[in-house]
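The values are calculated or read from the model by the stated rules, or taken from the named source; none is laboratory data. For clarity, every value in this text was computed on a predicted model and none was experimentally measured. Note that each Cβ is placed from the backbone with ideal geometry, even for glycine, and that neighbours are counted across all protein chains shown. Side chains included, ligands, DNA and RNA excluded: accessible areas come from the protein's heavy atoms. Shrake-Rupley method; radii C 1.70, N 1.55, O 1.52, S 1.80 Å.
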Amino acid sequence: MTAGTAWRQMLRESRGAAGRLAFFVACLGVGVAAVVAVAGLSASLDQGIRSEARQLLAADLAVESIRPLPPAIERAAAVLPGAQTTRVRELVTVVAAPPRASGAPGPSQLVELKAVDGHYPFYGTLEVEPRRPLSTLLAPDTAVAAPELLARLGVPVGGTIRIGGRDFRVAGTVRSEPDRLSISPSLGPRVFLSGAGLARTGLLGRGSRVEHRLLVKLPDGEAPGRVAVAAAVLRRAAGAANVRVETYKEAQPNLREALGDIERFLGLVALLSLFIGGIGVAQSVRAWLAGRLDAIAVLKCLGMRPREVLGLYLGQTVLLGLAGSVAGIVAGAAVQLALPPLFPDLIPAELIRPWQPLALLRGLALGVGVAVLFSLLPLADVLRVPPARVLRRDAEPLPRTRWLAAATLAALVAGVLGMAAAQSGSWELGARFTGGLAVAAGLLWLGAFAVTRGVARLPRERGGLAVRHGLAALGRPGAATVGAIVALGLGVLVVLGMWLVERRLSEELAADLPAGAPSAFLIDVQPDQWPGVEAILEREGAQHIDSVPVVTARLLAVNGRSVEQIARGDRERRWALTREQRLTYLRELPDDNEVVAGALWRDPRRAEVSVEQDFARDLGVGLGGTLSFDIQGVPLELLVTSLRTVDWRNFRINFFLVAEPGVLEAAPQMRLAAAELPRGREQRVQDLIAARYPNVTLIRVREVLEKVMAVLERIGLGIRFLGGFTVLAGIAILAGAVAAGAARRGREVALLKTLGMTRRGVAAAYAVEYALIGLVAGVIGAGGGALLAWRVLTEGFEMTWRFQPAAVVAAVAGTALLTVAAGLAASWRALERRPIEVLRAE
């Protein structure tokens with residue numbers, strides 16, 4: 001068969017099937033729109049970050065470390081041809097207004113402090129008022145602060161603020177920074193100082209948490225390859241020092257990595273919408289082929305081979321898949337444009353670029369792939385149609401071929417697995433997603449099958465005509481009950497399950513802190529300052545005051561193997577291995593710690609350490625293993641003699657690493673303190689401590705939890721939005737199935753009206769049918785969503801489960817109402833026709 005003949009035959013086969021084709025395109029388009037929206041938004045954010053890379057880094061290169069940079073790095077940067085450098089140091093501290101006239105301390109505020117030595121920024125724009133270079137505004141006794149900080153402190157421009165116990169005149173305000181995105185989290189407003197000003201504050205004492213950065217600008221027009229060479233020079237100069245060298249192409253790595261994780265998760269939610277659309281595609285193809293069996297038999301009688309007939313209908317499926325994918329791509333691009341104005345705090349409008357070729361191609365490929373995969377089972381019927389059906393179609397059913405059904409089902413599962421792995425970037429995640437989808441779809445199918453069989457056995461002597469007709473309609477051939485219940489149930493499962501998880505997390509964070517839990521933490525407390533800090537806390541009525549020594553260190557090796565070598569080949573463990581390690585020493589463990597393996601301080605010949613169980617797994621160390629640390633240049637090897645669990649939910653002071661007494665007492669250290677402050681007096685305590693001990697930073701637990709809640713609400717909003725696509729796909733499947741049977745329903749309506757039923761009565765009968773479909777899908781989906789939330793909360797977050805019946809009932813009722821609305825809307829044309837029109841058409 002030539003290509004021209006095949007094309008003409010496909011056009012002929014499409015005649016008279018406009019409704020089914022539109023349903024095919026709609027089901028596929030909804031899922032593709034979700035996929036393209038997620039991929040496009042993620043690509044826009046990543047592309048925006050990369051396109052503004054130099055501005056976001058404010059330089060060509062940056063060297064970062066939590067410790068002062070080795071002199072070798074600054075010397076290496078100084079000899080780079082034509083290079084300019086700027087030193088930047090950042091830390092979190094407390095800024096206060098001058099004391100009041102009464103002598104009481106002025107108000108204080110937690111801020112993010114940035115000290116700059118040199119020109120800043122090399123790229124991008126730092127918006128300050130007055131509009132002058134930052135270097136001209138900063139002097140040893142001046143500062144530039146965010147307007148919101150000045151408003152909170154009640155200090156005007158030209159007034160005085162106190163940092164580290166020193167007074168600074170406010171020389172201006174900062175409106176925006178090139179290397180600080182609005183979507184990045186922050187602990188407080190920004191304050192700029194000069195390097196000399198930071199030295200005045202005394203905040204660089206031992207134990208202070210300071211991030212050191214060296215910004216490097218190469219000559220204008222320097223090729224990317226030369227930038228990479230310069231980065232390699234700086235890495236060699238760093239040697240074994242724990243520093244990070246990044247180029248402008250690697251700007252904002254943590255943010256991009258977080259966006260990648262969110263994209264993978266939301267991408268799978270979007271893929272679920274596409275798979276649900278695939279169910280509708282399969283139903284559409286099955287209904288379409290059911291009316292073409294005689295034509296297929298005729299084609300075989302005319303000499304077309306089975307594979308040619310299969311290719312003919314498969315080609316039509318591909319073309320329809322392309323049409324549905326294109327429609328979804330257009331809708332996905334429209335979603336990208338519509339979201340930023342609706343959620344300005346969630347998505348920066350300036351970074352959105354709907355034209356993302358890779359995202360569009362992904363949607364096109366996944367859409368066509370789903371159309372073909374989910375059509376394989378119904379298309380296999382083409383091979384089973386015998387030519388003799390032309391003469392004996394009423395005498396013989398289609399022959400069954402079990403191996404063909406098994407092969408197509410295996411291809412479907414393999415295709416779903418491959419798509420999920422490609423969408424998530426992980427075969428493991430893809431396998432988990434496929435397994436979970438198979439289990440959920442199987443349970444929904446069993447529920448739908450049980451309902452269709454059960455209603456056939458229900459006694460119908462009681463109940464009105466509408467109820468009896470609605471029950472009977474569920475089990476009739478071509479009712480699409482199973483597909484609609486599976487699709488709608490999956491949508492309800494995703495939306496309700498994720499809503500319950502987010503709601504429970506928000507409740508936990510918003511609830512009062514556990515009894516005895518601290519409401520504030522104090523960091524950077526020097527050992528000789530603790531008695532005075534403790535006295536202030538006690539005088540102000542603080543309770544459950546606790547304080548422990550903290551020693552910061554860098555992990556060098558695990559069981560004799562260097563951290564660099566381990567982290568290079570294991571991205572998931574990199575955080576645990578390369579983070580700044582904080583150790584304490586205790587004779588006895590707190591009550592919320594429980595030793596689960598080994599014993600405390602059992603080897604008098606070795607320096608011992610107890611490791612939290614999950615952290616030990618991340619490090620890859622067990623009982624009898626060794627951890628080698630660098631503490632301010634002094635090496636120390638500790639033997640792991642116990643593993644323990646920690647109850648992190650009580651917010652008390654706890655550590656991953658606890659050393660035995662007598663090992664760390666001589667090491668440079670500071671103290672970490674926690675206390676439960678009286679309600680309404682947190683600000684006063686902060687003001688008092690800031691006035692007397694300006695280097696001590698007080699962090700309020702409630703403020704941190706509120707920031708976490710805001711992040712959870714944003715992520716939850718995205719999940720529910722995408723989950724809505726799954727519900728929409730399920731409703732499209734139901735409406736399409738109803739529309740596909742419009743002719744049959746038209747005859748039903750005509751017959752019922754002829755027998756005396758009113759239009760309202762017929763609509764009521766249909767409403768019962770659709771309501772039962774929605775109720776079954778809602779009950780099973782809501783049950784699955786509650787089970788999903790229970791598992792995530794109890795095992796993933798180790799939280800107590802609280803059943804929320806109101807949410808489950810609302811989900812079931814909402815599903816039923818949406819299903820009734822969609823079904824009646826699709827049946828409206830049949831309900832409007834007069835019986836005489838239908839009878840004359842017959």
Around residue 523: net Lys/Arg minus Asp/Glu count, Cβ-Cβ under 11 Å: +2
Estimated FRET transfer efficiency when R0 is 22 angstrom, pair residue 22-residue 338 (beta carbons, to 0.05): 0.40
Fully extended contour minus Cα-Cα distance, from residue 72 to residue 298, at 0.36 nm per residue: 73.0 nm
Shape call, the stretch 633-689: gyration tensor on alpha carbons, a/c limit 1.5: oblate
Sequence of 217, 114 from largest to smallest accessible area, 1.4 Å probe: 217, 114
Accessible surface of residue 453 - all protein chains present, 1.4 Å probe, nearest 10 Å²: 130 Å²
Solvent exposure ordering (accessible area, 1.4 Å, most first) of 167, 687: 167, 687
For residue 588, solvent-accessible area (1.4 Å; no DNA, RNA or ligand), Å²: 150 Å²
Stretch gain in nm, segment residue 574-residue 831, where the contour uses 0.36 nm per residue and the Cα spacing is subtracted: 86.1 nm
Ranking by accessible area, most exposed first, for 247, 136, 160 with a 1.4 Å probe: 136, 160, 247
For the stretch 115-166, accessible area per residue (1.4 Å probe, heavy atoms of protein chains only), Å²: 47 Å²
In Å², nearest 10: area of residue 304 left accessible to a 1.4 Å probe: 30 Å²
Protein accessible area in the stretch 636-686, 1.4 Å probe - carbon and sulfur %: 50 percent
